[in-house]
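This report concerns only the one structure given below.
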Amino acid sequence: MTILVESRAGYRVITLNRPERLNALTLEMAEALIEALEAAEKDRTCRALLLTGAGRGFCAGQDLTEIAEASAAEIGDLLDAYNPLILKLRALPIPVICAVNGVAAGAGANLALACDIVLAAQSATFLQAFAKIGLIPDCGGTWLLPRLIGDPRARALSMLAEPVSAETAAAWGMIWRAVADEQLMREAEALAARLAAGPTAALGLVKQALDESAVNDLEDQLDLETELQEEAAENPDFAEGLRAFLEKRPPTFTGNR
Ligand code: LHQ
């Protein structure tokens, strides 16, 4: 199986599972990932996702052996199949944590960066490998990178294809945090469990508001905040959060969405 899906209390763990190829992506794998995201969305008890890789790498990007004979049109077709995966990740109404356990290259780097909260092992690296083989960053790289790290760094990384360490990635704001290798999964699981106990509907609306801010002016964004805030306030988790604050106790969110 190209990916593994495990259910935990309140969340699911998806593991990219082609360790002999550093979990390089194939069409089959992308389709399996989309299915896994759809299944997680349908399961109302699933309130967060954790994405990671098996073995020493996170994901080496497109499996290059699979496109050795591909025409330019076939490369385009492949991306037409990958793009819905990125869109689905962003639109998923639950938080997605990525635990980058090793090298994240090409489409693999951008798959990680499309997640909501990215933790990386100190030994992991991020590599916009595309220019090395005459391609451009895809799977959202040209949209995500300038927003995360600014235009100068986005341009240099895309053109030079130099690896960035986890610590530098965190210092630049490309990811949330770099953690000691042996702590990575423990921290990622703790974060997933914490988010799984959160106000799920509101967390989904946070994703929507932040993504839409990329194309809205301030006035439109303020209107969107009002609309989404009303939606959040209609959810019983808001009443519970407020009550818990006033009663000086931790909230017990239902996570209904
Ligand atoms: C691989 C791969 C790989 C196959 C390691 N494929 N086998 C483009 C076109 C179409 C549509 C979709 O999207 C894209 C976007 C892309 O993602 S293009 C960019 C594709 N990725 C790359 O160019 C990265 C290629 N890999 C590397 O540069 C290195 O392997 C990195 C820096 C990731 C890791 O280096 P090392 O730690 O030294 O490992 P390694 O190179 O020895 O790799 C281990 C094995 O994995 C090795 O196989 P072997 O049989 O020799 O043990 C590699 O051939 C295999 N592998 N990446 N993308």
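A few notes on this one:
- Cα centroid of the stretch 4-71 to Cα centroid of the stretch 197-257, whole Å: 29 Å
- Within the chain, CYS46, CYS59, CYS139 have no other Cys Cβ under 4.7 Å of their Cβ and so lack a disulfide-compatible partner by this rule.
- Expected 222 nm ellipticity per residue - DSSP helices of 4 or more, -39500 (n - 2.57), all of the chain, to 500: -15000 deg cm²/dmol
- Between ALA68 and ASP181, residue separation times 0.36 nm minus the direct Cα-Cα distance comes to 37.3 nm.
- Relative contact order %, the stretch 190-257, counting alpha carbon pairs below 8 Å whose residues are six or more apart: 44 percent
- With K and R counted +1 and D and E -1, the other residues having a Cβ less than 13 Å from that of THR200 yield a net charge of -1.
- Placing R0 at 41 angstrom, the Cβ-Cβ distance between LEU135 and ASN256 gives a FRET efficiency of 0.40 after rounding to 0.05.
- Bridges between two residues of the chain, per DSSP, are antiparallel at a rate of about 30%.
- Simple label model, 7 Å out from Cα along Cβ direction - LEU224 to ALA39, nm: 3.2 nm
- Charge dipole (Cα centre; +1 on Lys/Arg Cβ, -1 on Asp/Glu Cβ; no other charges) of the stretch 3-196 amounts to roughly 720 debye.
- Note on the stretch 200-246: dipole from Cβ charges, positive end direction compared against PRO236, THR226, ASN216; the farthest Cα belongs to PRO236.
- Shape category assigned to the stretch 136-257 from the gyration tensor of Cα positions, a/c cut at 1.5: oblate
- Ranking by accessible area, most exposed first, for PHE58, PHE253 with a 1.4 Å probe: PHE253, PHE58
- Translational diffusion of the stretch 200-246 was estimated from the Stokes-Einstein equation, with Rh taken as the Kirkwood radius over Cα pairs; at 37 °C and 0.692 mPa s the coefficient is 290 µm²/s.
- For the chain, fraction of C-alpha pairs farther apart than 29 Å, in %: 31 percent
- Cα shape, the stretch 61-120, gyration tensor, a/c 1.5 rule: oblate
- The residues of the stretch 200-246 expose, per residue, 65 Å² of accessible area to a 1.4 Å probe.
- Dipole axis of the chain (+1 Lys, Arg; -1 Asp, Glu on Cβ), positive-most option in ALA81, ILE149, ILE97: ILE97
- Carbon and sulfur %, accessible surface of the stretch 73-223 computed with the full protein complex present, 1.4 Å: 59 percent
- Within a straight-line Cα-Cα reach of under 15 Å, LYS88 can be paired with the following aspartates and glutamates, leaving aside sequence neighbours fewer than 8 residues apart in one chain: GLU31, GLU35, GLU38, GLU41, ASP80, ASP116, ASP211, GLU212.
- Within straight-line cross-link reach of LYS248, aspartates and glutamates at Cα separation under 17 Å, skipping those fewer than 8 residues along the same chain: ASP237, GLU240
The values are calculated or read from the model by the stated rules, or taken from the named source; none is laboratory data. The model shown is predicted, which means the values in this text are computed figures rather than measured ones. Reconstructed Cβ throughout: ideal geometry from the backbone, glycine too, with neighbour counts over all protein chains shown. With ligands, DNA and RNA removed, areas are computed over all heavy atoms of the protein, side chains included. Shrake-Rupley method; radii C 1.70, N 1.55, O 1.52, S 1.80 Å.
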